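Chemist: Pasting a structure here, questions to come.
The values are calculated or read from the model by the stated rules, or taken from the named source; none is laboratory data. In this text the structure is predicted, and so the values were computed from the model without any measurement. As a convention, Cβ positions derive from the backbone with ideal geometry for all residues, glycine included, and neighbour counts pool all protein chains shown. For accessibility, only protein heavy atoms count, side chains too; no ligands or nucleic acids. Shrake-Rupley method; radii C 1.70, N 1.55, O 1.52, S 1.80 Å.
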Amino acid sequence: MTASAPTTSQLVTAVLILLPIIGAAIIAGQRYRQLPGNLRYLAWLAWFELPLDLGGEIMGLLQRNNLFIMPLYTVGEFWLLALVYARTLQSAAFNKVVPWLVGGFAAYALLDSLLAADLTRFRPGQQVIQGLLILAMVGLYFRKLLHELQIRSLTQEPMFWVSIGLFLYFVGYLQIALFSNYMMQHYSMAFNRNIWTIHTGLIILLHCCYCRALAISPRPAQA
């Protein structure tokens, strides 16, 4: 049985998702030498995500299951974001915890994948744990921001855009990840597609925030 050709709507959605992802990777390449240490890790995140997102979207258009990519994506994203926030927070205590957090999460993701009966089935545990850990790092950043009160314009602060994007994305995505399997069993496919359309919007929003953060000329003090 051959897969049907992707619809115009599916093609448009894929393009809308990929545009800010590709944009972030291009901006990262153009500005890499001018970026401070924390944003260089964000640049590496943009480059890491690009082939995985591109491959995932192509497989989706071909109606191939792409969920087996998720463990690699989740662990890599968390690792690079942990490095971004380690350089941003400049906390000795946090720096000591980061290797344990990343190593522990990677071990959990590996074990969860090895024990899974089917890697092509959505398993929300990894995404939920990753989301909570990243939201905790975002919370530490905002705590530092409020405590120091050194930034005159938040809109000119790259890490503000990164943190706002991550906060909005994971607050929304956690709801979808937690209840996705339940919704698939108890609601129509049309309803599920509408819910995942929200996720598409969150992805676009997050990577637009990445683009903005990478495009801002950062303060010398952050280098």
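The rows are residues; the columns are (1) open to solvent by 20 Å² or more (accessible area, probe 1.4 Å); (2) within 16 Å of Pro158 (Cα to Cα); (3) within 19 Å of the chain's Cα centre (by Cα); (4) without any contact (Cβ under 8 Å) to a residue 12 or more places away in the chain.
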residue	(1), (2), (3), (4)
Thr8	yes, no, no, yes
Ile17	no, no, yes, no
Ile22	yes, no, yes, no
Leu35	no, yes, no, no
Leu83	yes, yes, yes, no
Arg87	yes, yes, yes, no
Ala93	yes, no, no, yes
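Chemist: Out of Ala117, Ala106, report the one residue that is hydrophobic (A, V, I, L, M, F, W, C) and either modelled with pLDDT of 80 or more or assigned to a helix (DSSP H, G or I) (or both). Break it down into steps so the answer makes sense when it comes.
Modeler: On the way: Ala117 fails: either modelled with pLDDT of 80 or more or assigned to a helix (DSSP H, G or I) (or both).
Matching residue, one of Ala117, Ala106: Ala106.
Chemist: Go through Gly56, Gly76, Gly139 for me and flag whichever is without any contact (Cβ under 8 Å) to a residue 24 or more places away in the chain, in contact with a Phe, Trp or Tyr (Cβ under 9 Å, 6 or more places away or on another chain) and either under 22 Å from Val171 (Cα atoms) or of a type in the set (Lys, Arg) (or both).
Modeler: Gly139
Chemist: Please go through region 1-46 and pick out each residue that is over 20 Å from Gly60 (Cβ atoms) and not in a helix (DSSP H, G or I).
Modeler: Leu35, Pro36
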